[in-house]
Structures are given as structure tokens and as C-alpha cells.
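Scroll down for the structure; my scribbles are underneath it.
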Amino acid sequence: MVEYQGNRGQNSRLPPEVNRILYVRNLPFTITADELYTIFGKYGAIYQIRLGDKPDTKGTAFVVFEDIYDAKSAVDHLSGFAVGGRFLIVLYYQPSRFQKRAEMEEKERELQELRKRVEQHKKTLGK
């Protein structure tokens, strides 16, 4: 648990998954970083925004807040918020989940490659 005492006036406890880095999904492909600053900046000072620009990351972004409570407020208020006809999915960044996903994608690529080799081998034997 994170304990915070400061400009919020009292000691507060946050769940362990709460952090300053947010992962945003289901963004319109045409959204700009400036538009994200406008949307998320209403909840506090933003340290950085990284917008997905590759085919497999389009529609996603990482938003890093200066303060953990501002990030929590953004998650609480913007999850399900409609932008460009799409409903935002705002999650706390969890590195272990992203690592597991990357590992699964790599295993899937390896499996596809092995399937191709088996098919080629079968064709070779059938000739």
C-alpha cells in the first residue's frame, strides 16, 4: 500500500496497483497528444504522454502524471469516457502484465513458425 501525506490533507492508503502511469486503450486512431493533454490535464500535472504509433499500438497511450492522486482521479473519472465515439479504457500500468503479454506474443510467433516448418516438411515428404 502507498501511504501519502501531503497536499491532500490527511493520510490516505491506495491499493498497490495504483501508480502514476496509466495505460489508455480504445482511443480514436486520429487523436493527438495535445488532445490527450487536454483531456487528462484536467486531473493534474502530466509528466509525459506516449501515443501508440505502430500498427499494433495504435489506439493506445501511456499517460504519466506527476502525482499519484491525480492519476487515480483520472482513472476514476475517465474510464468509460466517450472520445470520438469510443469509450476509453483507462488502467493502471502493470509491468508484469505487459511482460506476460509480450511473452505470450513471442510464443505465438514461435508456434506459427513451427507450424509453417511442419507444413513445408509435409509437402517435401509428399513429393
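Quick notes on this one:
- Considering Val83, Val18, Val2, the condition of being at pLDDT 85 or above and among the β-branched types (Val, Ile, Thr) is satisfied by Val83 alone.
- One residue from Ala74, Ala82 being assigned by TED's automatic domain parsing to the domain that holds Leu22 and either crowded, with 16+ Cβ neighbours inside 10 Å or in contact with a helix residue (DSSP H, G or I) (Cβ under 7 Å, 6 or more places away or on another chain) (or both): Ala74
- Scanning the range 90-105 for residues that are surrounded by fewer than 16 Cβ atoms within 10 Å (Cβ to Cβ) and within 15 Å of the chain's Cα centre (by Cα) yields Leu91, Gln94, Pro95, Ser96, Arg97, Phe98, Gln99, Lys100, Arg101, Ala102.
The values are calculated or read from the model by the stated rules, or taken from the named source; none is laboratory data. Note that this is a predicted model, so its numbers are computed, not measured. Here the Cβ is made from the backbone with ideal geometry for all residues, glycine too, and neighbour counts use every protein chain on show.
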